[in-house]
Amino acid sequence: MSNPTPVQDFIRRWQASGAAERANFPQFAVQLCDILNVPHPDPTTPYDDRNAYVFERSVPLPHGSTGRIDLYKRGCFVLEAKQGSAARVTELLETLASLGQARLVEGERFVAQ
């Protein structure tokens, strides 16, 4: 039996997680960055104009309060984590498959490549 790949380890580790979005998301995102070989988010500063790639970026809301974006990268993406649905795990695995990092086997399960 061969050693598992980093993608296989990542899928195995996170497939069973659930119901703890705030606790799990930063670690999940950092490990996903490692899998994709992209930089980790930066530490947040007190100055929003300098927070170009951070967790929990503050944003003003129309009614005057402040909201938070789970992961923000200026000019690239806004990511709001939602956890607890098997459908969402499937979506992630389908995304990994589209990137050539996993494949569907026998129409029902994903295998990391």
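Considering only residues that are of a type in the set (Lys, Arg) and either within 15 Å of ARG22 (Cα to Cα) or assigned to a strand (DSSP E or B) (or both), which ones fall in segment 34-86?
Residues satisfying the conditions are ARG57, ARG68, LYS73, LYS82.
Applying the selection to segment 1-30, what residues are surrounded by fewer than 13 Cβ atoms within 10 Å (Cβ to Cβ), at pLDDT below 85 and assigned to a helix (DSSP H, G or I)?
Those that are surrounded by fewer than 13 Cβ atoms within 10 Å (Cβ to Cβ), at pLDDT below 85 and assigned to a helix (DSSP H, G or I): ARG22, ALA23.
The values are calculated or read from the model by the stated rules, or taken from the named source; none is laboratory data. Keep in mind it's a predicted model, so treat the numbers as computed, not measured. So basically every Cβ, Gly included, is an ideal-geometry build from the backbone, and we count neighbours across all protein chains shown.
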